[in-house]
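So the structure is just underneath, and the comments pick up after that.
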Amino acid sequence: MMKCFSPLLIGFILLATPLQAGEPVSIIFDTDMASDCDDIAALTVLHALADAGEANILAVTTNTKDASNASAAACDVINTFFGRPNIPIGTDKDGKKWYWRDTPSSYTGLLRDQFPHDCPPDSECPDALTVLRKTLASQPDGSVVICSVGALSNLADLIESTADDLSPLTGRELIQQKVRWTVIMGGGFPRTSAPETNIRLDVVAAAEVATEWPGPILWQGFE
């Protein structure tokens with residue numbers, strides 16, 4: 001994902017500021033767990049905040065295809081290590097490949113093979129959109145923060161989703177009703193000559209989220 005990790009840490013600290021004293025922030029973490037290993041650190045920070053009673057990790061979704069077929073397993077390894085093995089995990093079946101190559105991740109397969117977890121291969125996991133819709137539908141209005149690091153494919157899919165057996169609301173309506181705000185690691189500010197990596201992973205999805213997302217977004221650039 002080629003980005004600076006320190007600003008991401010600050011973003012997570014901001015996310016940990018509760019609406020009321022003692023109230024944890026409910027977070028859905030959308031990640032390209034397969035590219036740079038800083039996603040491991042980002043999810044670890046979330047668990048540290050959860051241990052401190054400042055965050056409640058509702059679900060994890062992965063947004064890029066991993067040739068190792070192990071992005072979800074890597075997430076589950078981390079969740080299991082921190083004592084939260086039952087966090088729902090969904091994968092993007094039609095999303096962009098990591099860096100447009102068939103090169104396996106340098107670390108997801110290692111985590112899958114060397115540490116405890118019970119997650120199936122990415123191809124057999126629930127779809128990311130299903131996990132997003134199901135999780136949002138189950139939460140109180142205006143209570144969820146979505147944090148996305150990676151391609152914006154899943155968020156674009158959520159915008160376009162229609163009513164189903166999980167919720168009578170469309171994706172736009174779910175976002176408007178359930179999502180408090182959305183934090184995205186993507187882009188560069190001031191504007192750069194070339195798209196930042198997370199934007200470049202799925203330019204069409206990024207443009208849709210930037211222009212069509214029906215709620216407040218905090219953009220954290222790579223700088």
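The values are calculated or read from the model by the stated rules, or taken from the named source; none is laboratory data. Computed from a prediction, not measured in an experiment: that's the story for all the values here. Here the Cβ positions follow ideal geometry from the backbone for every residue, glycine too, while neighbour counts run over all protein chains shown.
Being closer than 26 Å to Pro24 by Cα, β-branched (Val, Ile, Thr) and crowded, with 24+ Cβ neighbours inside 10 Å: is that true of Ile175 here? Please lay out each step first, then the result.
Values: closer than 26 Å to Pro24 by Cα: yes; β-branched (Val, Ile, Thr): yes; crowded, with 24+ Cβ neighbours inside 10 Å: no.
Against the criterion (closer than 26 Å to Pro24 by Cα, β-branched (Val, Ile, Thr) and crowded, with 24+ Cβ neighbours inside 10 Å), Ile175 does not qualify.
Would you mention how many residues in segment 40-99 are crowded, with 17+ Cβ neighbours inside 10 Å, among the charged types (D, E, K, R) and not in a loop (DSSP other than H, G, I, E, B)?
2
Which one of the conditions (1) modelled with pLDDT under 95; (2) in a strand (DSSP E or B); (3) of a type in the set (Ser, Thr, Tyr) does Ser193 fail to meet, given that it meets all the rest?
(2)
Give segment 196-218 a look and list any residue that's at pLDDT below 90 and buried (at least 16 other Cβ atoms within 10 Å of the Cβ), or say none.
Result: Glu196, Thr197, Asn198, Ile199, Arg200, Leu201, Asp202.
For segment 136-155, what are the residues that are buried (at least 23 other Cβ atoms within 10 Å of the Cβ) and part of a helix (DSSP H, G or I)?
Leu136, Ser153, Asn154, Leu155
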